[in-house]
1. For the range 176-193, in order, what is each residue's ³J(HN,Hα) by Karplus, 6.51 cos²θ - 1.76 cosθ + 1.60 with θ = phi - 60°, in whole Hz (x at glycine and Pro)?
2. Over the range 1-116, calculate the relative contact order: mean separation of alpha carbon pairs under 8 Å at least 6 apart, over the residue count, as a percent.
3. Between residue 126 and residue 36, what FRET efficiency comes out of the Förster formula 1/(1 + (r/R0)^6) with R0 = 25 Å and r the beta carbon distance, rounded to 0.05?
4. For the chain, set up a Gaussian network in which alpha carbons nearer than 10 Å are linked by springs, and say which option among 29, 163, 215 fluctuates the most.
5. Using θ = phi - 60° and the Karplus relation 6.51 cos²θ - 1.76 cosθ + 1.60, list the HN-Hα couplings for the range 29-34 in order, rounded to whole Hz, with x at every Gly or Pro.
6. Please work out how much length the chain gains when fully extended from residue 89 to residue 102, using 0.36 nm per residue of separation minus the C-alpha to C-alpha distance, in nm with one decimal.
7. Pairs of Cα atoms under 8 Å, at least six residues apart: use those to get the relative contact order of the chain, whole percent.
8. Select from the range 42-125 those trypsin sites (Lys or Arg not before Pro) which occupy a DSSP coil region and have at most 16 other Cβ atoms within 10 Å, ordered by residue number.
Amino acid sequence: MGSWGPVETAAVWILHLFITILWGALLVSLFYAGTAPDPIPVRLLAGNALAIWAVYVLGPIVVTRARGNGPVVDLWAKISPMDVPIGLAIGAAVQWLVLPVVYWPILQVTDVDPAETAERLVDAIDGRFDLVLFALVVAAGAPLAEEFFYRGMVLQAIRRRTSDLPSSDLIAVFGSAALFAIIHIEPILFPGTFVLGVAAAMATLKTRRLGTAISMHVGFNGATLLTLLVF
């Protein structure tokens with residue numbers, strides 16, 4: 001089973017914060033005279049995302065190889081051809097059908113728009129290159145890296161830590177989803193990202209593969225992007 005767990009997972013997460021801050025500051029210093037532009041250009045967003053993805057992917061790989069059985073065994077880093085269409089459909093359905101229901105009572109008591117953050121990012125798109133780059137970041141890179149870490153390493157770390165409890169899998173599902181929601185920072189985004197996290201974690205436990213969760217995340221983000229660009 002290997003000897004890694006929550007401690008190593010927390011270390012990877014802290015490392016991701018440290019490297020992301022340093023890398024972002026370096027990019028702003030080199031290309032924007034030390035002052036972060038507003039809105040954030042798509043190229044800066046993509047450049048900073050590279051640091052996050054590197055740690056989210058390489059961190060679990062290094063840890064599971066050094067202290068476990070590798071990512072395929074420990075993190076269920078596998079994919080089946082059927083994971084793709086099923087995951088894409090579920091992810092799009094969560095975005096278009098489930099989230100409106102989740103957010104309806106919230107929007108009755110607040111005027112904060114949950115799509116505002118994404119709209120600001122889309123408004124920064126300048127030309128076809130930015131559009132393609134943004135789509136790759138949002139609908140491809142982010143889902144792969146985030147699922148690898150949150151539905152891979154975090155989910156399994158919680159399962160390992162709570163393995164003696166009868167509700168271990170349930171704790172892992174909601175715990176990993178909560179951590180995934182928190183990293184999106186803005187409170188209005190918590191409900192949507194938490195719902196996606198729960199669905200992706202349940203799919204991972206059901207299939208014992210990350211393929212469906214990654215595809216769900218791609219479908220979810222892709223549906224968001226399509227809605228913002230078309231409607």
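Just so it is clear, none of the values below were taken in a lab; they were calculated from the coordinates. Keep in mind it's a predicted model, so treat the numbers as computed, not measured. So basically every Cβ, Gly included, is an ideal-geometry build from the backbone, and we count neighbours across all protein chains shown.
1. 5, 5, 5, 5, 4, 5, 4, 6, 7, 6, 6, x, 5, 8, 4, x, x, 6
2. Averaging sequence separation for qualifying contacts and normalising by length gives 29 percent for the range 1-116.
3. On the way: r = 17 Å, r/R0 = 0.67.
Working from the Cβ atoms, E equals 0.90.
4. Top of the fluctuation ranking is 29.
5. 5, 6, 10, 10, 6, x
6. 2.8 nm
7. Details: 294 pairs, mean separation 70.4, N = 231.
30 percent.
8. 78
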